[in-house]
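Note sheet for the following structure.
The values are calculated or read from the model by the stated rules, or taken from the named source; none is laboratory data. The structure presented is a predicted model; accordingly, all values stated were derived computationally and were not measured. Backbone-built Cβ (ideal geometry, glycine too); neighbour counts: all protein chains shown. Ligands, DNA and RNA are stripped out before the accessible areas are found, and what is left, the full protein with its side chains, is counted by its heavy atoms. Shrake-Rupley method; radii C 1.70, N 1.55, O 1.52, S 1.80 Å.
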Amino acid sequence: MIRRPRRNRQTEAIRNMVQETSLSTHDFIYPLFIIEGQNQRIEVSSMPGINRFSIDTALEEVAACVELGVKTFAPFPSIREQLKDKYATESHNPEGLFPTLIREIKRNFPDVALVTDVAMDPYSSDGHDGIVINGEIINDETLEVLGKMALTQAQAGADIVAPSDMMDGRVGYIRKVLDENGFHKVAIMSYTAKYASAFYGPFRDALDSAPKAGDKKTYQMNYANSREALIEAELDTLEGADYLMVKPALSYLDVIKLLRENSNLPIAAYNVSGEYAMVKAAAQKGWIDGEKIMVETLTSIKRAGADIILSYFAKEYAQYLKK
Ligand code: PBG
């Protein structure tokens with residue numbers, strides 16, 4: 001035998017030398033769930049280790065993460081039922097929970113980058129990402145709400161707005177609104193290939209944002225499709241997206257690779273709540289080694305072609321690196 005691939009696996013030093021993919025804290029965006037009140041830190045029951053924070057404790061969490069080297073955050077608000085309505089009006093209230101949080105984080109941590117979610121669902125009495133009329137999600141009227149929401153977030157200090165709603169034309173619409181208001185420096189991370197997935201369950205529990213009726217299949221993508229992701233990617237790019245995202249990550253590694261090979265924009269992947277919950281549940285049962293599975297799955301997302309990983313593991317991974 002002339003070729004013996006095992007030669008390059010003989011010792012740890014050699015394995016490290018030939019390792020093709022490595023992860024750093026810089027690759028991550030850490031999602032944060034935000035609730036009203038003070039001194040709140042309530043664990044999400046289906047996501048051990050992940051809490052819902054009030055603004056004051058969220059600032060403590062940001063400080064702890066910054067200390068560990070994680071400097072980019074994706075906050076998501078949980079909005080009180082009484083403040084929800086059909087048109088998600090609270091989503092563009094500058095004094096609302098979310099813009100207040102953005103201002104507070106940027107005031108205390110000017111170097112932190114904030115990626116803010118643009119979608120109606122946490123603020124919608126219908127629990128959908130668009131305006132619902134007679135059971136239908138209306139696209140073009142929804143764009144106006146998304147534009148106001150993105151502008152409110154930019155005014156509060158968001159660095160990157162991240163439309164997760166999957167309405168047609170929203171990237172171009174938001175780009176226009178931001179530019180007309182002088183926010184040409186605010187970037188857009190588009191949830192480009194966002195699939196109608198059962199992996200979002202724990203997230204919807206955390207925010208009480210599940211649809212009141214129906215599902216999201218008329219706007220989020222069919223998980224049987226990957227060529228369709230290229231159509232979304234092309235449109236988002238033409239409309240001015242600065243980043244493309246694939247979501248979820250682990251069952252969609254092929255889609256991450258596809259976008260990586262067909263675009264020169266940075267590719268983000270969202271390692272979603274259900275993916276996190278499954279690892280934690282099996283680890284708690286002692287059925288898998290949670291830490292090893294965390295490292296292996298995060299590495300696989302990067303290996304598939306993601307430059308950026310949104311993950312509930314971001315902080316834990318940074319702690320693991322310090323060990
Ligand atoms: C809202 C949104 C969702 C997630 C991120 N933004 C839920 C949904 O589309 O129903 C899911 C994230 C996760 O599961 O971790 N548009």
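With r as the distance between the Cβ atoms of Glu234 and Ile293 and R0 = 41 Å, compute the FRET efficiency 1/(1 + (r/R0)^6) and round to 0.05.
It comes to 0.75.
Compute the FRET efficiency between Gln10 and Tyr320 as 1/(1 + (r/R0)^6), taking r as their Cβ-Cβ distance and R0 = 25 Å, and round to the nearest 0.05.
After rounding to 0.05, the efficiency reads 0.50.
In what sequence, highest mean first, do 188-196, 250-258 appear when ranked by Cβ atoms within 10 angstrom?
Per-residue Cβ counts within 10 Å, averaged per peptide and sorted highest first, yield 188-196, 250-258.
Springs between alpha-carbon pairs under 10 angstrom, Gaussian network model over the chain: which of Ala162, Ala198, Ala154 fluctuates most?
Checking each option, the largest mean-square fluctuation is seen for Ala198.
In the neighborhood of Met120, defined by Cβ-to-Cβ distances under 9 Å, what is the net charge if each Lys or Arg adds +1 and each Asp or Glu adds -1? Please report the intermediate quantities before stating the final value.
Working: positive: none; negative: Asp121, Asp126, Asp129, Asp165.
Result for the neighbourhood of Met120: -4.
Report in % the part of the accessible area of segment 52-160 that belongs to carbon and sulfur, leaving out ligands and nucleic acids; probe 1.4 Å.
Carbon plus sulfur share of accessible area: 49 percent.
Relative contact order (percent) for segment 158-309, with alpha-carbon contacts under 8 angstrom and 6 or more residues of separation?
Relative contact order comes out at 24 percent.
Heavy atoms of the protein only, probe of 1.4 Å, neighbouring chains included. What is the accessible area of Arg41 in Å², nearest 10?
That residue has around 120 Å² of solvent-accessible surface.
Using a 1.4 angstrom probe on the protein heavy atoms only, line up Tyr270, Tyr173 by accessible area, largest first.
Tyr173, Tyr270
I'm a student and want to see the number: the projected area of the Cα convex hull of segment 164-309, averaged over all directions, in nm².
9.9
Take the Cα radius of gyration of segment 1-124 and divide it by 2.2 N^0.38 Å, with N its residue count; two decimals is plenty. Don't skip to the answer; put the middle values down first.
Values: Rg = 20.7 Å, N = 124, 2.2 N^0.38 = 13.7 Å.
Expressed relative to 2.2 N^0.38 Å, the Cα Rg reads 1.51.
Of Ala13, Ala282, Ala113, whose Cα points farthest to the positive end of the dipole of the chain (charges on the beta-carbon: +1 Lys, Arg; -1 Asp, Glu; origin at the Cα centre)?
Result: Ala13.
Just the Cα atoms of segment 220-285: what Rg and Dmax do they give in Å?
In Å, with Rg to one decimal and Dmax whole: 13.7, 47.
Determine the calculated [θ] at 222 nm for the chain from helices alone, applying -39500 (n - 2.57) to every DSSP H run no shorter than 4 residues and normalising by the residue count; nearest 500 deg cm²/dmol. Please list the in-between numbers first.
Details: 11 runs with 127 residues, N = 323.
Computed mean residue ellipticity for the chain: -12000 deg cm²/dmol.
If N is the number of residues in segment 1-53, what value comes out of its Cα radius of gyration divided by 2.2 N^0.38 Å?
2.17
Between Ala64 and Glu144, what's the calculated FRET efficiency when r is the beta-carbon distance and R0 is 35 Å? Round to 0.05.
Between Ala64 and Glu144 the formula returns 0.35.
Only Lys, Arg, Asp and Glu count, each charged at its Cβ (+1, +1, -1, -1), so figure out the dipole size of segment 56-150 about its Cα centre, rounded to 20 debye. Kindly include the intermediate steps, with their values, before the conclusion.
Values: 8 positive and 18 negative charges, 59 e Å.
Around 280 debye, computed over segment 56-150.
Quick one: check the C-alpha center-to-center distance for segment 111-127 versus segment 187-228, whole angstrom.
Using only Cα atoms, the two centres lie 13 Å from each other.
Given Cβ point charges of +1 (Lys, Arg) and -1 (Asp, Glu) and nothing else, what value in debye, to the nearest 20, does the dipole of the chain about its Cα centre take?
Numbers: 37 positive and 45 negative charges, 336 e Å.
It comes to approximately 1620 debye.
Quick check: the angle from helix 273-284's long axis to the longest principal axis of the chain, C-alpha only, nearest 10 degrees?
The angle comes out at about 50 degrees.
So for the pair Arg103, Lys285, with labels modelled 7 Å out along Cα→Cβ, what separation do we get in nm?
4.7
If you count, for each residue, the other Cβ atoms within 10 Å and average over each peptide, how do 131-137, 103-109, 273-279, 44-50 line up from highest to lowest?
Descending packing order for the listed peptides: 273-279, 44-50, 103-109, 131-137.
How big is the chain in terms of Cα radius of gyration and Dmax, in angstroms?
19.7, 72
Between Thr89 and Met17, what length in nm is gained on full extension when 0.36 nm per residue of separation is reduced by their alpha carbon distance?
Difference between extended and current length: 20.5 nm.
Of all DSSP beta bridges in segment 1-121, what percent run antiparallel (nearest 5)?
If we restrict to bridges inside segment 1-121, about 25 percent are antiparallel.
For the chain, what's the relative contact order in percent, using C-alpha pairs closer than 8 Å and at least 6 residues apart?
RCO, the chain: 18 percent.
What percent does the relative contact order of segment 233-302 come to when contacts are Cα pairs within less than 8 Å and at least six residues apart?
Details: 59 pairs, mean separation 21.3, N = 70.
Relative contact order comes out at 30 percent.
How big is segment 93-213 by the Kirkwood estimate over distinct Cα pairs, in Å?
Radius from the Kirkwood sum: 14.9 Å.
Among Pro122, Leu101, Ser24, whose Cα lies farthest out toward the positive end of the dipole of the chain, if unit charges sit on the beta carbon of Lys, Arg (+1) and Asp, Glu (-1)?
With unit charges placed on the Cβ atoms, the residue in question is Ser24.
What number comes out for accessible area per residue over the chain if the probe is 1.4 Å? Units Å², please.
47
Show me the ranking of peptides 28-39, 79-90, 283-294 by mean Cβ neighbours inside 10 Å, starting with the highest.
My ranking of the peptides, most packed first, is 28-39, 79-90, 283-294.
For a quick check of understanding: with a 1.4 angstrom probe and all protein chains in place, what accessible area in square angstrom does His26 have, to the nearest ten?
Solvent-accessible area, nearest 10 Å²: 150 Å².
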